[in-house]
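Participant: Can you read through this structure? Questions will come right after.
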Amino acid sequence: MDTSGGQLSTADALLLRQFGLGTIMDVLGILLEGILFGAYSIFFLLAIYSFRQTGIRSLKAVLMSAAVGYLYLSSLAALAMDCYIAFANIHTHFMLESSPLDERWRAVEANGFQFVGAVELFWAFNAIVADAVVVWRTWAVYQGWLPAVGPPCFLLFAAFVFALIDVIFTLQDSVTGSIPSIPNAYKVYTVAQILVWALSLGTNILCTMLMGIRAWQFRKETIDLHLGVQRYPGMSTVDILSLLVESGFIYSFLWAIQIIGYLTFDEGTTGDIVSHVIVRIGRQITGMYPTLIIVLVNFQRTMWEGYGDAGSSITTGPIRWGSRRRRSKGSRQGEDEDEHKEVVSGLRDSAVPFVR
């Protein structure tokens, strides 16, 4: 460190400024990530309680509980790694007395590089597992109707393929320091990372739109048939569909702004700080929405069981979606209402699926 009259050199002063900005970004990222993880923990505890209420008695229940557990533990691992990296960076920046300032950048890069493979692995497969839960719910609502569920299933499969490419390249790079020797390898690596995010975003937007269509159709049919809304403690089917559609769009928005993580900014600029924080948000939100889906599904089932036949009413009970046929008014109104009751009586097993 070059000092003259007790003054830092211009180069050292600039380095210390960069160290300070890096520390601010790390602390801000951990703080925000910790808040989101706290909110996620509430969802996770509700999911555990809902499984305790409904029981885990089928393969579907085992898979859903495994998905909830995996997503939560991976978010916890991501937070732990980010905390370790942040404290290691602070130590490297300001507490390595024997290391010149201009050499500490390489040590800081090494702090994060050792976790690159694990971070990318968790991020990519969190997105796949989360999207699988969303697609599962859409499949159940549409009862496997291929024109509706085919596109999101294709997007999910494509995202899984590119996630494998992304993870393989990242793990090899972190272990050996080089990516696979294939033509245009770096371009394939970069494009695969972006496509995982883009395909995941497309899956969520498409599934949310499909659920919005179903919610609108159900509400419209109920109004057209002049069917009364009976209220019981808990949320009605329309409430649940509306909540999941709204939360789906919020999640899609938060997932869409992750694009900033793929942009390049000068170090220490506002864009660099915002990008750093947004990426931290993405590590925690991937599991929150799927966990919310499973919580609402399980609690809806608990409500039906708790209120017996009341749970089979038109608006709080199940919906079985079928083709709506136009009918004339008058003598066929009673038949129309009977058909609607039969149509909506199947939700317990289909449209708002619950874990048996």
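Participant: Being in contact with a Lys or Arg (Cβ under 8 Å, 6 or more places away or on another chain) and under 22 Å from ARG280 (Cα atoms) narrows it down to one of LEU28, LEU71, LEU32, LEU21, so name that one.
Facilitator: So the residue among LEU28, LEU71, LEU32, LEU21 that is in contact with a Lys or Arg (Cβ under 8 Å, 6 or more places away or on another chain) and under 22 Å from ARG280 (Cα atoms) is LEU32.
Participant: Would you mention how many residues in region 80-100 are of a type in the set (Asp, Glu) and either more than 18 Å from LEU28 (Cβ to Cβ) or in contact with a Ser or Thr (Cβ under 7 Å, 6 or more places away or on another chain) (or both)?
Facilitator: Of the residues in region 80-100, 1 are of a type in the set (Asp, Glu) and either more than 18 Å from LEU28 (Cβ to Cβ) or in contact with a Ser or Thr (Cβ under 7 Å, 6 or more places away or on another chain) (or both).
Participant: Right, here's the next one. Pick from region 249-284 the residues that are crowded, with 17+ Cβ neighbours inside 10 Å and polar (S, T, N, Q): which of them is farthest from SER200 (Cα to Cα)?
Facilitator: SER275
Participant: So if I check each of ALA159, ALA185, ALA163, which one is aliphatic (A, V, I, L, M), without any contact (Cβ under 8 Å) to a residue 40 or more places away in the chain and within 17 Å of TRP255 (Cα to Cα)?
Facilitator: Result of the check over ALA159, ALA185, ALA163: ALA163.
Participant: Could you pull out the residue among ILE240, ILE260 that is at pLDDT 85 or above and of a type in the set (Val, Ile, Thr)?
Facilitator: Values: ILE240 fails: at pLDDT 85 or above.
Just one listed residue meets the conditions, ILE260.
Participant: Here's a follow-up. Just to confirm my filter: which helices (runs of 4 or more DSSP H) fall fully inside region 76-192 and include at least 1 residues that are at pLDDT 90 or above and crowded, with 18+ Cβ neighbours inside 10 Å?
Facilitator: Working: elements: 104-113, 116-141, 146-176.
In region 76-192, the matching helices (runs of 4 or more DSSP H) lie at 116-141, 146-176.
Participant: Residues in region 25-57 that are surrounded by fewer than 17 Cβ atoms within 10 Å (Cβ to Cβ) and at pLDDT 85 or above: how many?
Facilitator: 14
Participant: Scanning region 58-75 for residues that are among the hydrophobic types (A, V, I, L, M, F, W, C) and without any contact (Cβ under 8 Å) to a residue 24 or more places away in the chain, which turns out surrounded by the fewest Cβ atoms within 10 Å (Cβ to Cβ)?
Facilitator: Result: LEU59.
The values are calculated or read from the model by the stated rules, or taken from the named source; none is laboratory data. Being a predicted model, the structure only gives us computed values, none of them experimental. Every residue, glycine as well, gets a Cβ built from its backbone with ideal geometry; the counts of neighbours run over all protein chains shown.
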